[in-house]
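**Student:** Just dropping this structure here.
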Amino acid sequence: MPRGALSLTPVAVRGLQGIGTIDMTAFVLGAFVDPAQKLRTQRAIVDRGGEPRWNQTLSLDIQDVHTQLFVEIFDENQSSMDAVAGVPLPLEEVLCAGFLDAWIPMQRADGGSAGELHLTFKFVDQGVPANIDEQQSEMAVEPEGPRATKLRQTFEKSLSKTIKNISYEKLAQSFPHIANDSPESLQSAHQQVTTFLQQSVQEEFQNLLETKNLIRKLNELDMLIDAARKNKQARLGKLVRNSADITPDIAIRARTVPIKQQEFQRLQDELARVRQENKTLMSELVAKKTRLDLVKTTVREISNELSQAVEISRRMPIDDMQHLIDEMVPSLQRGQWGFGEGSVVR
């Protein structure tokens, strides 16, 4: 296959109302020949017919190992990163003709029809590699391991969210006069900014991977960890889980276990303190109840004695009672009868 630059321009689209969101501006078109180098347009503009348009050209670097072009449409209003429609295209016809203008049927993930996409292709042949060694070195692209794959996925997700946050609606709020007087100019500026940001960040990320040789280093790290895991498995005789397979939820739960254990211990100590306080209060309550019972017994005895005294006084003749009182008065005056704690009157 020849090498060169392939320009892909989405001209028009029709029949997309049945997929994704009802917000046509949420559609984004993506294309790639190498999964490691995916390109995307900015969010769509809706034409008068209610169909999305992008008015943007994507440029792909075609190498002799590339045989298919993948075109996809994404709905940025959906939480899933999967395409809502797409189609694989053989590159041979485009590369041989140099130019192609055609309506391409799109398909859903389940194989159903998803409308048609009008695309134009322009290919500029850059010739054959200078020597076989260079060609073989380009073909020997190092595959991405688990950590390199997760790194790229994290980058693509972060970039997608960043581009999504730079929406036309927010730009229109910042420049209301331009949005009212010349919305086309503002939309064009928004497209240029988001396109430049996306392409420049992707180029910078790819350049960082190449200059720092991150793919090879991450793959070496995967191999070292895998070798250490196998050695540990051989020593312990049990399966050790791959840390690259641990999901963020599991990692977060594992991180919060010490915090939860500390909080559990604090609650246990607090419960022990409350129980000790309850025990002390219960002891005081029992002691007070005992004293109260003693007081009640004393009051009951005094009440009984008073009742007996009243009963005796009722049966005693008045003259005898008067005589008894007369005998008690001198004694009381002399202090022979005491009143107060411990005194008894008979």
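**Student:** Go through (1) closer than 30 Å to Thr154 by Cα; (2) at pLDDT below 85 and name the single condition Lys260 misses.
**Tutor:** (2)
**Student:** Something else: How many of the residues making up region 104-144 are at pLDDT 65 or above and either surrounded by 14 or more Cβ atoms within 10 Å (Cβ to Cβ) or not small (Gly, Ala, Ser) (or both)?
**Tutor:** The number of residues fulfilling the criteria is 22.
**Student:** Which numbered condition trips up Asn213, out of (1) touching a Phe, Trp or Tyr at 6+ places or on another chain (Cβ under 9 Å); (2) on the phi > 0 side of the Ramachandran plot?
**Tutor:** Of the numbered conditions (1) touching a Phe, Trp or Tyr at 6+ places or on another chain (Cβ under 9 Å); (2) on the phi > 0 side of the Ramachandran plot, the odd one out for Asn213 is (1).
**Student:** Of the residues Leu100, Leu186, only one is in contact with a Phe, Trp or Tyr (Cβ under 7 Å, 6 or more places away or on another chain) and either of a type in the set (Gly, Ala, Ser) or modelled with pLDDT of 85 or more (or both); which?
**Tutor:** Residue meeting the stated conditions: Leu186.
**Student:** Additional query: Out of the residues in region 90-103 meeting the condition of being among the aliphatic types (A, V, I, L, M) and within 20 Å of His66 (Cα to Cα), tell me which one is surrounded by the fewest Cβ atoms within 10 Å (Cβ to Cβ).
**Tutor:** Among those residues, the one meeting the criterion is Ala97.
**Student:** If you don't mind, there's one more thing I want to ask. Taking Glu51 and the conditions (1) out of contact with any Lys or Arg (no Cβ under 7 Å at 6 or more places or on another chain); (2) surrounded by 16 or more Cβ atoms within 10 Å (Cβ to Cβ), which numbered condition does it fall short on, given that it satisfies the others?
**Tutor:** Answer for Glu51: the failing condition is (1).
The values are calculated or read from the model by the stated rules, or taken from the named source; none is laboratory data. Model, not experiment: these values are computed from the prediction. Note: ideal-geometry Cβ built from the backbone for every residue, glycine included; neighbour counts use all protein chains shown.
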